[in-house]
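Right, one structure below, let's go through it.
The values are calculated or read from the model by the stated rules, or taken from the named source; none is laboratory data. No experiment lies behind these values; they were computed from the predicted model shown. We place every Cβ from the backbone using ideal geometry, glycine too, and count neighbours over all the protein chains shown.
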């Protein structure tokens with residue numbers, strides 16, 4: 001397994017200027033960078049790739065940011081906006097050296113509401129059809145998509161690995177995978193380790209975040225069981241440390257980060273990386 005860092009912790013939105021953090025990421029011992037591309041127009045992917053190469057880093061995954069207005073189950077305008085955005089990420093990913101676009105691409109983050117069962121079925125069918133088209137677009141470009149279940153406070157649509165796998169089955173594309181996150185699993189799964197084993201063969205990415213969204217290992221998640229489950233399915237994918245601080249204000253509001261969870265951003269990534277590597281020995 002390789003270990004990466006999500007750029008949200010240090011830069012939001014990610015722009016060409018954000019490459020200034022690459023030397024730090026390398027010095028801390030990360031194998032790669034997961035770039036959160038909030039607005040594709042903010043970066044020159046050729047320039048960013050050159051900076052990655054310069055610092056002997058890779059981008060192994062592109063993280064989607066589906067805020068308001070980007071929603072595969074929304075109105076027609078929101079669907080079109082979301083489709084065009086995800087297609088742009090699919091186009092950018094290979095230029096950055098990645099073949100994976102991951103995140104909650106099915107809906108706007110923060111959309112959480114109780115709707116009648118018939119309306120839920122309509123939304124589900126709509127997302128299935130939109131993902132079929134996006135998967136075809138991705139497959140033609142040798143890119144994979146991975147959908148991330150979120151906790152109940154951030155979405156009402158896909159909260160568990162089982163729901164994500166059901167969506168993958170109905171879409172029926174080899175280009176569609178699941179992206180699990182330890183923080184969200186801690187809230188929504190009866191047994192996060194069991195969820196991982198059920199995702200065998202379809203798990204493309206794991207986000208490592210503490211139960212309080214802080215440092216992996218300094219929290220109440222049973223990380224030993226998670227790594228046993230990863231070993232059981234012979235997981236060869238990536239693990240990315242994802243966390244947030246109040247300093248990055250836009251994402252901090254979306255993730256409800258109202259206080260300093262850890263002494264510093266550096267402590268989150270250095271302590272977290274050391275802990276995760278110790279479990280992978």
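Data overview
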item: Strands (runs of 3 or more DSSP E) enclosed by the stretch 1-114 - at least 2 residues per element that are without any contact (Cβ under 8 Å) to a residue 60 or more places away in the chain; result: 32-37, 58-64
item: Residue identified as in contact (Cβ under 8 Å) with a residue 40 or more places away in the chain and either closer than 20 Å to residue 152 by Cβ or buried (at least 22 other Cβ atoms within 10 Å of the Cβ) (or both) among 267, 208; result: 208
item: Of the criteria (1) assigned to a helix (DSSP H, G or I); (2) surrounded by 15 or more Cβ atoms within 10 Å (Cβ to Cβ); (3) out of contact with any strand residue (DSSP E or B) (no Cβ under 8 Å at 6 or more places or on another chain), which one residue 119 fails; result: (2)
item: Filtered residue count, the stretch 175-190, keeping only those that are surrounded by fewer than 20 Cβ atoms within 10 Å (Cβ to Cβ) and farther than 23 Å from residue 255 by Cα; result: 0
item: Some residue of the stretch 244-260 being buried (at least 19 other Cβ atoms within 10 Å of the Cβ), in contact with a strand residue (DSSP E or B) (Cβ under 7 Å, 6 or more places away or on another chain) and either within 15 Å of residue 161 (Cβ to Cβ) or at pLDDT below 95 (or both); result: no
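To keep it simple, each residue is scored yes or no on (1) at pLDDT 95 or above; (2) crowded, with 20+ Cβ neighbours inside 10 Å.
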| site | (1), (2) |
| --- | --- |
| 9 | no, yes |
| 16 | yes, no |
| 23 | yes, no |
| 34 | yes, yes |
| 39 | yes, no |
| 45 | yes, yes |
| 48 | yes, yes |
| 70 | yes, yes |
| 79 | yes, no |
